[in-house]
2 protein chains.
Amino acid sequence: MFNIIISSCEKQGFLRKLGSENRLKLGPVGSLLLQNLKTEWHNNMVINKENSVFLSHDDDFSNTFNFVKNMCSFKLPFGIAECVKNKRECHNNKNEMDFEQFFDESIILRCSMLVAHTDSTRFFYQWQRQRKMWWRKFSPEPGRYFLTDLKTDSNGTQTVQIQTKYSWNSQLIETITLNPLPKDLDELDKFKEGKKTVQCHSVVSDINIYTMFLNTICDAFTDSEYKGIQRTVLRFHRKLAPYKISFAISSAVTTASTLLDLNDLALHLTRQLRSVHLSTLLLPICSKISLDAQWKLYDQLGVPYNILLNEKTLKDGLVLLRSRDTTLKEQVHVSEIVNYMKQLFENY
Amino acid sequence: MFNIIISSCEKQGFLRKLGSENRLKLGPVGSLLLQNLKTEWHNNMVINKENSVFLSHDDDFSNTFNFVKNMCSFKLPFGIAECVKNKRECHNNKNEMDFEQFFDESIILRCSMLVAHTDSTRFFYQWQRQRKMWWRKFSPEPGRYFLTDLKTDSNGTQTVQIQTKYSWNSQLIETITLNPLPKDLDELDKFKEGKKTVQCHSVVSDINIYTMFLNTICDAFTDSEYKGIQRTVLRFHRKLAPYKISFAISSAVTTASTLLDLNDLALHLTRQLRSVHLSTLLLPICSKISLDAQWKLYDQLGVPYNILLNEKTLKDGLVLLRSRDTTLKEQVHVSEIVNYMKQLFENY
C-alpha cells in the first residue's frame, strides 16, 4: 500500500525517488505542501493561543532563553520554538518503514514550554490532548491518531508519543516529553510565581517535518472504486492543500473565440484569487482534455475546489464549483466566486 | 548611524553581535521578522499573480524544471522559485558595510521566470518596475529604493539592481538578470507558442534574505526628538511587524482586584487575537511600569498597535487603541476589537 501511494504521488510531483535506496526527495507540489505544514505549525505553536512563545533562530536556544527570561520578568510559563536541523542519524534498530528513514536530512520542529514545577504535570496532560486534537483537525480520518502509553526513564523524564495507525504499521509523528531537569538550563535560574520561587520544568514537543509530510500524504490518500472506475484522491485538509483551486474549461465549447474568452476569464479569476493569496492552479491543458481526465488529475493533486467554465458562463455569468470531497457541483456567480473562496479557505 | 541602529535592535532581541568580528545572528524578535519577510516573498513570488510559479525544494532546479515543463505542456511563461543556501563567500573586493557581509551564511530567495525570447525584454522591464514597487510598498520611506543602470556582460546577460539609499551608503537588495542562454537548461528544450517554436530566456530575481532583513530594520528605524524627548521607532509595515499588537494596563489602577480583572481581560483578548493568527505580545510588565516606558518599549519593537486598558474599561467596555505611527489613541469597544484588528492587518 505504501508503495502504491509513493508511486502515485511521484507522478504528481509530490516527491521523487532517489536511486534504489528507498530515499525520497520533495517535488515542486510537495514543497508547497511542506510550506503549508510549516505555516500551520507556526500558527498553532508560535502564535500560541494559550502561552507566549518566542521563535529562536538556528541552534540558539540558550541565548533565546536568556533574552526571553528577562522579557517575561522571570515569570513562567513561556515557550521557545525552534527548527533543529540534523543530518539523519543511522539507527539500525529502527524499522526501515518508518517515515523518517526515507529522507537524508531531518528537520525537527521543536517547541519547549517552560512551566512551573507545580503546574507541569497538568500542563503535560493538557498539551497531549491539544496536540492530538491538532493532528485530528487536519485529518480526513481522525480515528487514526492516538497517544501511546507513558514511559518514564531513569532521569524522571516522561515521554508520550502521538502515532498514526496505517494498514502496514504505526508511525510516530510527534514526541511529547516532560523534563524535570531541562538540560539546557542553568540550575540557578529562579522563577517567580507571585512571591514564591518556583523551579522550571520543560514540556517539549518534537515533530520531524518530513515525517509530518509523508504522514499528511498517506493519511489523505484514498483509492476507491465506484461503478467500476478507480478513483484516487488526496483528501488534504483545505489549509494544507498545495493548490486550493483549479480551473477546467468544458471541452464541449464549439467556437475558437468562445474558447479564447473562457481562457481570458479563467486567467482573470486566477489573478484575483492569487491576489488574496490563494494558491491557484491554471494549466494550459484545462481546455484541451476531457473533464473526466481533468477531475482525475486534480483529485490526485488533492485540489479541494475546481471551477468549471462553460459556454453558458459567458451568457449568464455562472460557473460551476466542483468539490473534490463530494464531487458535487454548485452554481456560483463569477462576481462572487473570489469572496466565496476566501471565506471557504479562511475557516478551519 | 548604522551602529546606533544595530545597538538599539540588539537590546530588543532583533539580533545579536557575535564577538568582535562584525558578525550578526538573529534574535527571537528578529526571527519573527524574518519569517514574515519570507511569507511576503512567498505571497508575492510563488503565489504569483501574473504567472504560474512552482516551488522547488533544495537544490533541485533541473528536476523541477523538467516536471513543470510537462505540467505546463511546454507552454511559456512559467516560473520556478527556490531557496538557495550557501556558506557566505569571502569577497575581498566588497565593501565591508554591505549588509550581506554581516552574516555567516547566505540564503538566496530566487525566482526564475522562463519566458519566450520574443517576450523577454518586455517582461524584464515590467518586472523591474513591479519589483521596485513591491519594496516600496513595505517601506516607510519609499523614495529610498531605486533601480541602477543596466549592465550587459560579454554573454549578453543583462543585470539591474534594486538598491536602497542610506546616509552611510547604498545597499544592494535585489538583483534582476535577463539571461538569453539560461545555463541550467538543455538547449534542446523547445517550447511552443501557438504553432511556433520559441526559445526560452530566463529572467531571474535574487534576494539575500539576510540583506532583506537588515534592510527592513534600517529602513524602518527612525530616531526623532520631540519636546526634548528622544523617540526611537521601528516603523515596520504592519505585514512585517514581528508583533502586531501589544497590551498596556494603565498604572493608575487603584485596587488589586481591578488589576486582576484587567489582566484577565488582556489575556482573553490576546487569546482571541492569536486565534486569528495575529502575533500578539502580552508581557507581565504591562501592568507594572509607566505607560510612557511601555510606549517606548513597544515603539522600539515596532508594534503597530497597542491596546490600553484602564479602570474605565471594566465599566463601559471601551479600550484605547494607540497607533505607533500617529501616537493617537482611538476608542474601540472590547467586543469589536478582534474584528477591527483582523481587518486592519488583512489589507496592505
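Here B:R324 fulfils each of the conditions (1) more than 14 Å from chain A (Cβ to nearest Cβ); (2) open to solvent by 30 Å² or more (accessible area, probe 1.4 Å) apart from (2). Just one of (1) surrounded by fewer than 22 Cβ atoms within 10 Å (Cβ to Cβ); (2) in contact (Cβ under 8 Å) with a residue 60 or more places away in the chain; (3) not in a loop (DSSP other than H, G, I, E, B); (4) not charged (D, E, K, R) fails for B:L32. It is (1).
In the condition set (1) assigned to a strand (DSSP E or B); (2) open to solvent by 40 Å² or more (accessible area, probe 1.4 Å), B:Q130 is compliant with all but (1). Out of the residues in the stretch A:252-289 meeting the condition of being open to solvent by less than 60 Å² (accessible area, probe 1.4 Å) and more than 14 Å from chain B (Cβ to nearest Cβ), tell me which one is nearest to B:N347 (Cα to Cα). Selected residue: A:L265. Would a scan of the stretch B:34-48 turn up a residue that is more than 9 Å from chain A (Cβ to nearest Cβ) and in contact with an Asp or Glu (Cβ under 7 Å, 6 or more places away or on another chain)? There is no residue in the stretch B:34-48 that is more than 9 Å from chain A (Cβ to nearest Cβ) and in contact with an Asp or Glu (Cβ under 7 Å, 6 or more places away or on another chain). So for the stretch B:224-237 (the condition being among the aromatic types (F, W, Y), under 26 Å from the mean Cα position of the chain (by Cα), within 12 Å of chain A (Cβ to nearest Cβ) and crowded, with 19+ Cβ neighbours inside 10 Å), does at least one residue qualify? Taking every residue of the stretch B:224-237 in turn, none turns out to be among the aromatic types (F, W, Y), under 26 Å from the mean Cα position of the chain (by Cα), within 12 Å of chain A (Cβ to nearest Cβ) and crowded, with 19+ Cβ neighbours inside 10 Å. Here is the figure for the stretch A:282-323: residues that are in a strand (DSSP E or B) and within 22 Å of A:F138 (Cα to Cα) total 4. Within the stretch B:41-54, being in a loop (DSSP other than H, G, I, E, B) and touching a Phe, Trp or Tyr at 6+ places or on another chain (Cβ under 7 Å) holds for B:N51, B:S52.
Across the stretch B:1-23, the qualifying residues are those that are within 13 Å of another protein chain (Cβ to nearest Cβ) and out of contact with any helix residue (DSSP H, G or I) (no Cβ under 9 Å at 6 or more places or on another chain), and the one among them that is modelled with the lowest pLDDT is B:L18. From the list B:S52, B:S62, B:S56, the one residue that fits, being within 27 Å of A:K25 (Cβ to Cβ), touching a residue at least 12 places away in the same chain (Cβ under 8 Å) and more than 10 Å from chain A (Cβ to nearest Cβ), is B:S62. Regarding A:D299, is this residue within 27 Å of A:R16 (Cα to Cα), at pLDDT 90 or above and of a type in the set (D, E)? Yes; evaluated as a whole, the condition is true for this residue. All but one of (1) modelled with pLDDT under 95; (2) of a type in the set (D, E, K, R); (3) part of a helix (DSSP H, G or I) hold for B:K38; state the number of the condition that does not hold. Condition (1) is where B:K38 drops out. For first residues located in the stretch A:180-200 and modelled with pLDDT of 75 or more, partners that are open to solvent by 100 Å² or more (accessible area, probe 1.4 Å) and among the polar types (S, T, N, Q) and lie 6+ apart or on another chain with Cβ distances below 8 Å form the pairs A:P180/A:N155.
Residue pairs whose Cβ atoms lie under 7 Å apart, separated by 6 or more positions or on different chains, with the first residue in the stretch A:149-167 and at positive phi and the second open to solvent by 30 Å² or more (accessible area, probe 1.4 Å), are A:G156/A:P180. Selection of the stretch B:7-29 for residues being assigned to a helix (DSSP H, G or I) and either surrounded by fewer than 20 Cβ atoms within 10 Å (Cβ to Cβ) or in the same structural domain as B:L281 (by TED's automatic domain parsing) (or both) yields B:S7, B:S8, B:E10, B:K11. For beta carbons closer than 7 Å, sequence separation of 6+ or different chains, a first residue in the stretch B:124-144 that is among the acidic types (D, E) and a second that is open to solvent by less than 20 Å² (accessible area, probe 1.4 Å), the qualifying pairs are B:E141/B:D219. Of all the residues in the stretch A:73-90, those that are surrounded by fewer than 20 Cβ atoms within 10 Å (Cβ to Cβ) and either assigned to a strand (DSSP E or B) or facing chain B (nearest Cβ under 7 Å) (or both) number 7. Figure legend. Inter-residue proximity from the stretch A:230-241: first residues free of Cβ contacts under 8 Å to residues at least 12 places away in the same chain, second residues charged (D, E, K, R), beta-carbon distance below 8 Å, spacing 6+ or different chains. Indicated pairs: A:Q230/A:D223. As an exercise: evaluate B:A248 against (1) outside the structural domain of B:K296 (by TED's automatic domain parsing); (2) assigned to a strand (DSSP E or B); (3) surrounded by 22 or more Cβ atoms within 10 Å (Cβ to Cβ) and give the number of the one condition it does not meet. Here B:A248 meets the rest and fails (1). B:S335 satisfies every condition listed in (1) within 13 Å of chain A (Cβ to nearest Cβ); (2) in a helix (DSSP H, G or I); (3) not aromatic (F, W, Y) except (1). All of A:R131, A:R144 fail the test of being charged (D, E, K, R) and within 14 Å of the chain's Cα centre (by Cα), apart from A:R131. State all residues of the stretch A:251-281 that are under 19 Å from A:V334 (Cα atoms) and assigned to a loop (DSSP other than H, G, I, E, B); if no residue qualifies, say none. A:V253, A:V276, A:H277, A:L278, A:S279 - these are the residues of the stretch A:251-281 that are under 19 Å from A:V334 (Cα atoms) and assigned to a loop (DSSP other than H, G, I, E, B). How many residues, within the stretch A:290-317, are of a type in the set (A, V, I, L, M) and open to solvent by 30 Å² or more (accessible area, probe 1.4 Å)? Total satisfying the criteria: 4.
The values are calculated or read from the model by the stated rules, or taken from the named source; none is laboratory data. For clarity, every value in this text was computed on a predicted model and none was experimentally measured. Backbone-built Cβ (ideal geometry, glycine too); neighbour counts: all protein chains shown. Quick note on the areas: whole protein, heavy atoms, side chains included, nothing else; ligands and nucleic acids left out. Shrake-Rupley method; radii C 1.70, N 1.55, O 1.52, S 1.80 Å.
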